[in-house]
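Structure record follows, encoded as C-alpha cells.
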Amino acid sequence: MTITALRGRLLSFLAAPEGAGDAASYRYTSDGVVVVEDGRIARVGPAAEILPTLPAGAAVDHYPDDLILPGFIDAHLHFPQTQVIASYGAQLLDWLQKYTFVAEQRYGDPEFAERQAKWFLAELLANGTTTAAVYGSVHPGSAEAFFAESERLGTAMIAGKVMMDRHAPPALLDTAQSSYDDSKRLLQRWHGRGRQCYALTPRFAITSTEAQLEAAGALAREFPDAYVQTHIAENRKEIEAVRELFPDSRDYLDVYDKYGLLGPKTLFGHCIHLEERERQRMAETGSVAVFCPTSNLFIGSGLFPMRELARRDPPVRIAAATDVGGGTSYSMLRTLGEGYKVQQLQGTNLSALEAFHLVTAGNAEALGLQDEIGSIAPGRYADLVVLDARATAAMAHRMEAVAGDLEEELFILMTLGDDRSVKATYVQGRRMHEREGTRSRSPA
Ligand SMILES: [Zn+2]
C-alpha cells in the first residue's frame, strides 16, 4: 500500500450553497492534511491531528498558502475541437460547417487521434480538470484513443463517439446501423472499465435521422447505466431547423423524448432557449442542463437562464462546462468568471461559493458520481487541484487587499484566474501536473 499526503488549505463542499455567505455549505480547514491510500482519500483533518499519525518518512506535499480543492469537473467539451477553438466570425450552424466539420475529419487517422488525446488530457490536467464528459468525433477510433489515454493516466472520464448520419460532409457520416454497432462495441469495451464511462453521443437532432435516434434510444434501453449526451436549444436557427426536420414533435426536447433519451444520466448541452414545457419535462425526468458560458458568449448563442431553471419545483439539474472548442478556454476558472457575467446580464449573479460548488460537488452530482469524486472526504478518489490566488502580478496585488476572506479569494480566482493559478493537479493521489517551480515536498 502506498501512502502519500497533501497539506494545505482544504476546501470541500457539503451541500449546495444558498448564496454568498452560506458557511454551512462547505468545510474549510486552514491547515489540513489529506491522506491518500491506494488512490483514495483515507483520512482528512487538521494537520495537528493527522501529521503525528503518519508513518515515519511518509512524503507530504506541502502547499502552505494554497487552496486544495477537489479536481474540477467539466460536463461538456469536444476532444476533436482543440484546433477549432478561437475561430472567427460565425454562429452555430455556420461555425460547425466552416470549422468543426473540417477539423473533425482528421480524427479518422488513429495515430493523429492518439497524439491529440495525449495533448488534450494533459491540457485538462494543466487546468485542474480531472473528470470530463467528452464528445469524440464520428470515428470509433477517436473514442478508443481517448479512453486508452485516460486509462493510462488513471483519470475518470465519460466519453463517446459522436453519432451523425446526415447534414455533414460524407467523411463524417456514419449510418444508423453502423453507429449502433460501433457505439455498442465501444460501450461494452469501455463502460465501467476502471474509471471510464461511456456516453451515447448523438451530436444533435439536426445531424441524426429518426432511424439513428431510434438506434441511440435502443442502446439507452439496453444499457440504462450508460450516459447520453447531446445538444439542445443553443441557437434560434438550430431550433427552427429542428422544427422543420421533425414537424411531428411538440418541440425540440420532444424529439429526444420520443426516442427515450431523457433521464438522470442525460446531459443536454446549452438549454438556453427552452420553452416552458421543455423546462418542465427536463425537471421531471431529472435530465441535466449544462451551462457553457464561454461558448454561449463566443458563438453569440444567448444567456443561460440558470436561476429560472434552478428555482423550479422540482429544479432542473444543472452542470457547468467549457464546451471547447465553441468555448474559448479549458479553464473551469475562466468558465466560472464568464458564468458570473452571463448571470449579471440577467440581473442576477453567481456567488463564489455557488460557483466552486458547481464545478466540484455540483458537477459530480449532476454526473451521478458524487460518491466517487467532487469532495474531499474519506472514500472519494484523491483527485485534487491546488490553487494559487496570487499566480499573476495583478492577482497578487489584488490579494494584498484581502484579509483572509475565503469567498473574496475564491471570487478573485474565478474572475482573474486561469491555468496559471493551477499549481498542481493530482489524480488518485499522484501528482500529474505541476506548474513550474512550485514543488515543496517535506517529510512529515
Ligand atoms: Zn458542444
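The table below lists the values:
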| item | result |
| --- | --- |
| Selection from T230, G194, I158 lying farthest towards where the dipole of segment 147-271 points positive, charges on Cβ | G194 |
| Degrees, to the nearest 10: 276-285 long Cα axis against longest axis of the chain | 60 degrees |
| Between helix 110-126 and the chain: long-axis angle, C-alpha atoms, 0 to 90°, nearest 10 | 40 degrees |
| Qualifying lysines (Cα of each under 23 Å from Cα of K118; at least 8 residues distant if same chain) | K161, K423 |
| Accessible surface, per residue, of segment 35-131 when the full set of protein chains is kept, probe 1.4 Å, Å² | 40 Å² |
| Most mobile of S178, S295, S208 in a GNM of the chain (Cα contacts under 10 Å) | S178 |
| Listed residues G160, G32, G136, most fluctuating in the chain (Gaussian network, C-alpha, under 10 Å) | G32 |
| Segment 366-382-segment 123-186 distance, computed between alpha-carbon centres (Å) | 24 Å |
| Surface per residue (accessible, 1.4 Å probe) for segment 254-357, Å² | 30 Å² |
| Amide N of segment 340-378 lying under 20 Å from the label point, which is placed 7 angstrom from the Cα of T53 along Cα→Cβ | 375-378 |
| Carbon and sulfur %, accessible surface of segment 73-178 computed with the full protein complex present, 1.4 Å | 55 percent |
| Carbon + sulfur, % of accessible area of segment 340-420 - ligands and nucleic acids excluded, 1.4 Å | 48 percent |
| Principal-axis tilt of helix 332-344 within the chain, Cα atoms, nearest 10 degrees | 70 degrees |
| Mean ellipticity per residue at 222 nm, deg cm²/dmol - from DSSP H runs of n ≥ 4 across the chain, formula -39500 (n - 2.57) | -9500 deg cm²/dmol |
| Alpha carbon convex hull of segment 267-389, volume per residue in cubic angstrom | 114 Å³ |
| Distance in nm between pseudo-label sites at T2 and F112 (7 Å out along the Cβ direction from Cα) | 3.5 nm |
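The values are calculated or read from the model by the stated rules, or taken from the named source; none is laboratory data. Owing to the predicted nature of the structure, the values given are computational and were not obtained by experimental measurement. Please note: Cβ atoms are built from the backbone with ideal geometry, for glycine as well, and neighbour counts cover all protein chains shown. We work out accessible area using only protein heavy atoms, side chains counted, and drop any ligands, DNA or RNA first. Shrake-Rupley method; radii C 1.70, N 1.55, O 1.52, S 1.80 Å.
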